[in-house]
Amino acid sequence: MRRAVVTRGGSALLSAVVIAVAVVGCGGSEEGDTSTAASGSTSGGQLTFNTWGGAYQEAQMKAIVEPFRQETGTKVNVTQPIDYAKLKSMVDTGNVVWDVADVEPYVSRRGCKEGWLEKLDYNVIDPNGFLETMPKTDCSVPNGAFGLPIAYRTDKWKDAHPRNWAEFFDTKKFPGKRSMPKYAESGILEAALLADGVKKDALYPLDADRAFRKLDTIKKDIVFWESGDQSEQLMNTGEVTLCACWATRMHDTKVNQDTPVAIEWQDAIYGWDDFVVPKGAKNLKAAMEFINYGTHPDREIGMTKYTPWGPSRTEAAANADPETRDWVPTTPEHTAIGVPLDYDWWGENAAKLDEQFAQWLLK
Amino acid sequence: MFLAVVFAYPLYTIIQQSFTQPELGIGNYERFFGTDVYVQVLIRTLVTSVLVTVICLLLGYPYAYLMTRGGPAARRMLIFFVLVPLWTSLLVRTYAWTVILQDTGLVNQVLQGLGITDRPVHLIRTTTGVVIGMSQILLPFMVLPLYASLRTIDPSYMRAAANLGARPWRAFMRIYLPLSLPGVGAGSLIVFIYALGFYITPALLGSPKDALLSQIIVTQVSQLLDFGFGSAMAGVLLIVTLVLVAVLARIVRPATGSQDR
C-alpha cells in the first residue's frame, strides 16, 4: 500500500481493501488484475512479475515488459499491487506465484537475512555500474530511485518557498498544513533530523527519538499520506501546499492535472526499489534474465521517457530523458545535493521503527 | 459444513496464530494489554462505537416513527431515502464525505462564504469527522429494524393511554418506548457491532490519532508483517464483541417478553 495502486482519482483505501482481501487469503484479485503481455512466440518460457500498479506500472510495461517479451518470447504476467505480507506468506505456505517482485530495499535486506528471497545469479545479471549510494545485495538489485524532495504549490508560495527541511519544519515562516508519508522507512525521520541540524553524512545510525521529538513540533500541521494517489490529491485540491512527496507523483499531477507544483531539490531524500525473487520461485532462469534486462541502462533511460523514475545505473542516470530530467532524483546534479537512504541500516531496524512509528502516530 | 470451511476454519487459524507466532504462549496478548497506546485504541474504538450508536438512535428513532405514521406514498419515499445510501458503495460514500468535510471542502466553503469563519473549521482528520461519517453510513441499519418493530405497535394503545388521562410524554415513556425496545435493541446491536469493526471510514476521515482497532490490525499484518500480533488484536476485538453482545442481549430480552402478551 506504499505506492500507487489506483492510477488516478482513486483512493488509498481502495488499495487497503484490496490488501485486506489479499491478506485474508483470497487469491482471486490476482487473476483479475493480471495484464498479460501475451507471447507470439512459442520458444520462450513464462514469468510473473509483481509491481506497484498505476502510472509506474504503465511505464514499466512500455519500457521493460513489452520489449522483453518481444526480444525473448517470454510470456510475462504482470500483477499488482505489491504486498509484502503476501510475498512473505507465499514463501511461508510454499505457494509462490511471483517470480520477480519490485520491493523497497529494507524488505529485500530483511528477506535475504530471513531466507525468504532467492540469491541472484550475477552470471546472468550485470553486477556493475550501479550508483554507489544504491548498492546491490546477494538477493537484490536496485531498479530505480524515487525522490522524496520538498514539493510546494507555486501559486501559494510565489516569492519564497522552503529551501531545506529546517524551513519545511518552520510553521511560523511557512504556515499551513503540510503532508508527509505515513511510514517509517519513507525518509520522514531523516527529514526531521536534517531539519533539526544533523549533518547529512552523520544521519546513521538514526537517532529515532530525536527525530520523533522534532516531528512532534509540527505534528498537528502534518497530514499524512498513505499512497501516492493520496499525495497527488492533497496537493491538487490544495488541502496542503507543502509536501514531502515522491517526485514521480508530483510530476504526474503537474502534467496530467495541471497542479501548480514545483520541487526543491536541496537535501532531497531519495530511496529506491529493488528487484527480488521470492524463495521457491518457479521460473528462476527467466527471472534472472528479466532482472538483467530491466536494469539495463537503455531500459532505465526508456523509463524516464514516461515517468521521472531515477535510473540505478550511473550511465543511465547521466542520460535521463531531457523532458523529465528536472524531476529525476538520481541525475548527477540532483544526487550531488541529495540525501540517500541507508537501507542496510533500515534492513536491521525497520521492524523496530515500524512499531515505534505506528505507536507515535497513535499518540 | 459449508460454514465450518469458510468461516470457522479461518477463524481458528487466526486464533491459533495469535498464540503461536512468534512463539507459543500468551505473549501477544500481554503485549497488547501492556502497551498504553493499544489499550487506548481499544477504548477509543468502544467509545466511538457507542457514540455512533447513540447518534444513530437519536436520528433513527424519529425517522422510523415518521415512517409508521405517514401514508403509503410518504412511507415509500422515506424507505427509499434509507435504502439508497445502503445501495451505494461504502467507499464512495466515505469519499464523498472527505470532499464535503475537508478544509477546502463544501462545508468550509459555505461557512467562509457566509463570513461565519475566516479560517477553515477542521472537520476531516478529527474524531468529529469520523463520527459524522460512520453515523451516516450506519443509520439504515438502525432505521430498518426500528421500523420493523415500531410498525407492530398498535396505535390504539396510545389512544387508550390518552383516554386514561396520560399526557403524550408520559404515554410515550410508559407505553410506546417499552414496546419499541426490541427494535431499539436490535438496531443498536447491529450498529454497534458494525462500528466496532469499521475500517474504511475512520481511515479516510480520521487522523492517525483517531485510528480504530481494525486499522492497527491492518498495520500489523500488511505493514509490519506481524501476523501473530495482528491476530491477537483480532482476537481481542472478537472477544470484546462477543461479551458485549451477550450483555446487550440480556438487557434487551426482558422487554421482548412484554410483546408476547
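Nothing in this text is a laboratory measurement; each read-out follows from the coordinates by a stated rule. Everything numeric here is computed off the predicted structure, so don't read it as measured data. No Cβ is skipped: glycine too gets one built from the backbone with ideal geometry, and neighbour counts run over all protein chains shown.
Observations on the model:
- Comparing mean-square fluctuations of A:107, A:328, A:91 from a GNM of chain A with C-alpha springs under 10 Å, the top value falls on A:91.
- The stretch A:72-125 and the stretch A:302-363: distance between their alpha carbon centers, rounded to Å: 20 Å
- Its Cα centre serving as origin, chain A has a Cβ charge dipole (Lys and Arg +1, Asp and Glu -1) of approximately 700 debye.
- For chain B, the mean residue ellipticity at 222 nm estimated from helices alone is -24000 deg cm²/dmol, where every DSSP H run of n ≥ 4 contributes -39500 (n - 2.57) and the total is divided by all residues, rounded to the nearest 500.
- Largest mean-square fluctuation among A:178, A:299, A:210, in a Gaussian network model of chain A whose springs join Cα atoms under 10 Å apart, belongs to A:210.
- For peptide A:356-363, the mean count of partner chain Cβ atoms within 10 Å of a residue's Cβ comes to 6.
- With eigenvalues of the C-alpha gyration tensor scaled by 5 and rooted, the stretch A:289-350, Å: 22, 17, 9
- Cα lying deepest toward the dipole's positive end in the protein assembly as shown, options B:181, A:146, A:117, charges on Cβ: B:181
- With a 10 Å cut-off around each Cβ of B:214-222, the average count of Cβ atoms from other chains is 5.
- Rg and Dmax of the stretch A:69-184, based on Cα coordinates, read 20.2, 59 Å.
- Taking N as its residue count, the alpha carbon Rg of the stretch B:16-98 over 2.2 N^0.38 Å: 1.80
- Residues whose amide H falls under 5 Å from that of residue A:79, counting only those 5 or more places apart or on a different chain, are A:49, A:50, A:51, with hydrogens built in the peptide plane.
- Three-way shape call for chain B based on the alpha-carbon gyration tensor, with the a/c threshold at 1.5: oblate
- Net charge contributed by nearby residues that have their C-beta within less than 15 Å of residue A:198 (K/R +1, D/E -1): -2
- Within the stretch B:115-261, the proportion of C-alpha pairs whose separation exceeds 24 Å stands at 53%.
- Magnitude of the charge dipole for the protein assembly as shown, about its Cα centre and with charges confined to Cβ atoms of Lys, Arg (+1) and Asp, Glu (-1), is about 3440 debye.
- Long-range amide H partners of residue A:143 with built H, under 5 Å: A:273, A:274, A:275
- Considering only B:155, B:95, A:260, the residue lying farthest towards the positive end of the dipole of the protein assembly as shown is B:155, judged by Cα position with unit charges set on Cβ.
- Gyration tensor (alpha-carbon) shape descriptor, the stretch A:174-283, a/c threshold 1.5: oblate
- Measuring between alpha carbons in the structure, the pairs from A:75/A:352; A:136/B:209; A:75/A:136 lying more than 30 angstrom apart are A:75/A:352; A:136/B:209.
- Mean separation of Cα contacts under 8 Å (6+ apart) over length of chain A, as relative contact order %: 24 percent
- Translational diffusion of the stretch A:244-301, µm² s⁻¹ [Kirkwood Rh, Cα pairs; Stokes-Einstein; 25 °C; 0.890 mPa s]: 167 µm²/s
- Applying 1/(1 + (r/R0)^6) with r as the Cβ-Cβ distance of residue A:321 and residue B:92 and R0 = 35 angstrom yields a FRET efficiency of 0.40.
- Calculated log₁₀ intensity ratio I(q)/I(0) where the Debye formula runs over C-alpha points of the stretch B:197-237, q = 0.14, 0.16, 0.27, 0.32 Å⁻¹: -0.28, -0.36, -0.89, -1.05
- Counting only aspartates and glutamates at least 8 places from residue A:113 when in the same chain, those with an alpha carbon closer than 12 Å to its own are A:138, A:344, A:348.
- Eligible aspartates and glutamates near residue A:220 by straight Cα distance, threshold 17 Å, same-chain separation 8 or greater: A:167, A:170, A:239, B:103, B:210
- In terms of its C-alpha gyration tensor, chain A has a prolate overall shape, because the principal axis ratio a/c (a ≥ b ≥ c, square roots of the eigenvalues) is not below 1.5 and a/b outweighs b/c.
- Principal axis analysis of the Cα atoms in the stretch B:67-149 yields extents of 46, 25, 19 Å, listed in decreasing size.
- Within the protein assembly as shown, the proportion of Cα pairs with more than 36 Å between them is 44 percent.
- Principal semi-axes in Å for the stretch A:189-251 [√(5λ), Cα gyration tensor, largest first]: 25, 14, 9
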